[in-house]
Amino acid sequence: MIHILSVVGARPNFMKVAALDAAFSKNRHIKHTIVHTGQHYDEKMSDIFFREMALPEPDVFMGLGGGSHAQQTANIMQAFESVLLGTSPHAPFNEPPDALLVVGDVNSTMACSLVASKLHIPIVHVEAGLRSGDRSMPEEINRIVTDALADVLYVSDPSGMAFLAQEGVPGEKIEFVGNVMIDSLHTYLPLAKKRPILEDWGLTEGAYILLTLHRPATVDSPDALALMAGVFEALDKAAPDRALVFPTHPRTKNNIERFNLSDRFAAIRSLRLHEPVGYLDFLKLQQAAAFIITDSGGIQEESTILGIPCLTLRPNTERPVTISHGTNELLPPDTPELAARVVKWVDAAARGAWKTARPIDGWDGAAAERIADDLVRRFSRA
Ligand code: UD1
Ligand code: UDP
C-alpha cells in the first residue's frame, strides 16, 4: 500500500483532485489523504465543489486564505511543514507520505512542493510541463519551480513533453498521461446537463456569451479592467438582446469596486454579473453558451472538449493544444481596436465560421487511472 498525500487550495484544483481521488479509491494499492490549504475559502470558491463532486472532506484544512504572494506562500509553507513533520495537531498520519501530489500552478502547489523537497518527500506534479513563456504571470513561476523540484512529472498538453526535455528533465521522470480535468468533465457532464441554471437565470441555450476574467494582467489595473468594460459595451451595442453572463471571480468583483467601475459595468444592459457558480452549473453554462470569452486556463480546455468557440483574452497560452486541436483562439488585450475585434470574432462564430475541435490524445476520461497505475509501479516497496 502506498500513501499519496494531495494538496488542494484554489478552485481549479478541486476538479483535478476529484478525478484523482476517484481513481485512487478504486485502486487497492493506494491510500489517499488530502490537505486543503484554504487559499480559496468562499462557499462558492471551495465548499460547493466538495458537495457537488465525490471529493471527500480534506483530512487537514489549514484555512490560510489570501495575502500577498510572499505572505500566502510563506503561511502555506509554515503550516504545511508542521503537517508533514507531524507536529501539527491536525497531522493525519504518523509517517510521512510516500509522495506529495500537487496539481496545476497555483501558489499552494509551489509552496507545498518547496516544503516537501526540503523534507526529502518525493513530489508528483500533475499538469507538468505547461509553459506560457511569460514570466510576468505568477503561475509561470509556480510551474517552473514546481517542475524543477518534481520527481515525477505527469504531462497533460503534448507541448509539455518538449518543454521538459528542453529544460533537461530526465525522461524517466516524465509521463504523458493526458488531462485529469477532462476526466472530471466526462464524469460530471451528465449531471451538469440536468441543472436548471438556464431556466433559473432566464437564459436560452445558444443565445448568450459566457464571460470569466480573473488574471492579474486583465483585472488588476484600472486601465486593464476598463478595456474589458469597453469590450462588453461593444458586445452590448452589437446585440442588445444577447445576454452577457459573467460569474465574477472575487478578485475581479473587488477590483470593479476598488477602481470605481461599478457604475460603468451596471450601465451595460445585457451584462449580468453573478456570484461564481458551482462546477455543475458552470459546465452547463459552458455547454449551452454560444461563445465563451475568458482568461482562465481550465476553461480553454473545457470549452475545447465541449466544442464551444472560445476567445482567450491573453497574449499567450500554456495550453497550445487547445488552439491547434481545439476551439480556442488568442486575442491579446493590447490589440488595437480590441472591442471591435472581439465583436468580429463573435459574429464569425455566430455565422458558423469557427474551427471545430479534433480529438486530443489522453483527454479521454482515463488520465487519473493511468496516473494511479504509474504511481503504484513507481512507489510500491519491493
Ligand atoms: C488563484 C491562482 C490562479 C488561479 C485562480 C483560480 C495563484 C498565484 N493564483 O488566483 O492561478 O487561476 O486562483 O481561480 O495561486 N478571494 C476571495 N475569496 C476566495 C478566494 C479569493 O475573496 O475564496 C479574493 C481575496 O481578496 C484574495 C484574492 O481574491 O486575496 C485573490 O485570491 P488568490 O488565491 O490570491 O488569487 P486568485 O486571483 O484567486
Ligand atoms: N468554474 C466554476 N465556476 C465558475 C467559474 C469556473 O466551477 O464560476 C470552474 C471551471 O469549469 C473550471 C475551473 O473552475 O473547471 C477553472 O478555474 P479558474 O478559471 O478559476 O482557474 P484557472 O483554470 O484559470 O487556473
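Which value, to two decimals, describes the C-alpha radius of gyration of the range 111-216 once divided by 2.2 N^0.38 Å?
1.42
Given R₀ = 56 Å, FRET efficiency for Arg381-Arg251 by Cβ-Cβ distance, to 0.05?
0.80
How high is the FRET efficiency between Ala238 and Asp334 when r is their beta carbon distance and R₀ equals 35 Å, given to the nearest 0.05?
0.95
What's the extension gain from Arg28 to Ser88 if we count 0.36 nm per residue and subtract their Cα-Cα distance?
Full extension of this stretch gives 18.8 nm more.
If I build a Gaussian network model for the chain, linking alpha-carbon pairs within less than 10 angstrom, which residue out of Asp98, Asp42, Asp157 has the largest mean-square fluctuation?
Asp42
Subtract the Cα-Cα distance of Ala207 and Arg135 from 0.36 nm times their separation in residues, and report this length gain in nm to one decimal.
Answer, rounded to one decimal: 22.2 nm.
With the cut-off at 1.5 for a/c, could you classify the range 12-55 from its C-alpha gyration tensor as rounded, prolate or oblate?
Verdict is prolate for the range 12-55.
For the chain, with only Lys/Arg (+1) and Asp/Glu (-1) charged at the beta-carbon, what is the dipole magnitude about the Cα centre, in debye rounded to 20?
That gives a dipole near 380 debye.
Taking the Cα centre of the range 146-267 as origin, sum charge times position over the Cβ atoms of Lys and Arg (+1) and Asp and Glu (-1), and report the length of that vector in debye to the nearest 20.
The calculation lands at about 400 debye.
Ratio of alpha-carbon Rg to the 2.2 N^0.38 Å globular estimate for the range 158-305, to two decimals, please.
1.23
Bin by bin, in steps of 5 Å, what percent of the Cα pairs in the range 88-128 do you find, going until the bin that has the longest distance?
With 5 Å bins starting at 0, P(r) equals 5, 22, 28, 25, 14, 5, 0.
Suppose a student asked you for the relative contact order of the chain, using Cα pairs under 8 Å spaced at least 6 residues apart; what percent would you report?
17
Find how much the distance from Lys344 to Ala162 grows on full extension, using 0.36 nm per residue of separation minus their present alpha carbon separation; answer in nm with one decimal.
62.1 nm
What ratio of Cα Rg to 2.2 N^0.38 Å holds for the range 203-248?
1.24
How large is Rg/Rh for the range 241-353, to two decimals, with Cα atoms and a Kirkwood Rh?
Dividing the radius of gyration by the Kirkwood radius yields 0.95.
Give the residue from Leu203, Ala229, Ala217 lying farthest towards the positive end of the charge dipole for the range 188-233; charges sit on Cβ (+1 for Lys and Arg, -1 for Asp and Glu) and the dipole is referred to the Cα centre.
Sorting the options by dipole projection puts first Leu203.
Along its three principal axes, how long is the range 235-274 when you only count alpha carbons? Whole Å, largest extent first please.
On the principal axes, the range 235-274 reaches 29, 18, 11 Å in Cα extent.
Can you compute the helix-only [θ] at 222 nm over the chain? Use -39500 (n - 2.57) per DSSP H run of at least 4 residues, normalise by all residues, nearest 500 deg cm²/dmol.
Estimated from H runs of four or more residues: -13500 deg cm²/dmol.
Semi-axes of the equivalent ellipsoid for the range 47-109, please: Cα gyration tensor eigenvalues, times 5, square-rooted, ordered largest first, whole Å.
Working through the eigenvalues yields semi-axes of 19, 18, 12 Å.
Among Thr187, Thr248, Thr294, whose mean-square fluctuation peaks in a Gaussian network model of the chain (Cα, cutoff 10 Å)?
Thr187
I need two numbers for the range 300-382: Rg to one decimal and Dmax as a whole number, Cα atoms only, in Å.
When restricted to Cα atoms, the range 300-382 yields Rg and Dmax of 17.8, 63 Å.
Can you bin the range 1-155 into rounded, prolate or oblate? Criterion: square roots of the alpha carbon gyration tensor eigenvalues sorted a ≥ b ≥ c, rounded for a/c under 1.5, prolate for a/b above b/c, oblate for the rest.
Taking the square roots of the gyration eigenvalues as a ≥ b ≥ c, the range 1-155 is rounded.
Post the alpha-carbon centroid distance, the range 41-67 to the range 199-258, in whole angstrom.
The range 41-67 and the range 199-258 have Cα centres spaced 26 Å from each other.
Compute the relative contact order of the range 1-102 as a whole-number percentage, counting only Cα pairs closer than 8 Å that sit 6 or more residues apart in sequence.
Averaging sequence separation for qualifying contacts and normalising by length gives 33 percent for the range 1-102.
Taking Cα centroids, how far is the range 342-357 from the range 292-327 in Å?
The range 342-357 and the range 292-327 have Cα centres spaced 14 Å from each other.
Per residue, how much space in cubic angstrom lies within the convex hull of the C-alpha atoms of the chain?
Expressed per residue, the convex hull around the Cα atoms of the chain is 130 Å³.
Throughout, read-outs are computed from the coordinates displayed, never taken from laboratory work. The structure presented is a predicted model; accordingly, all values stated were derived computationally and were not measured. FYI the Cβ positions are ideal-geometry reconstructions off the backbone, even for glycines, and counts take in every protein chain you see.
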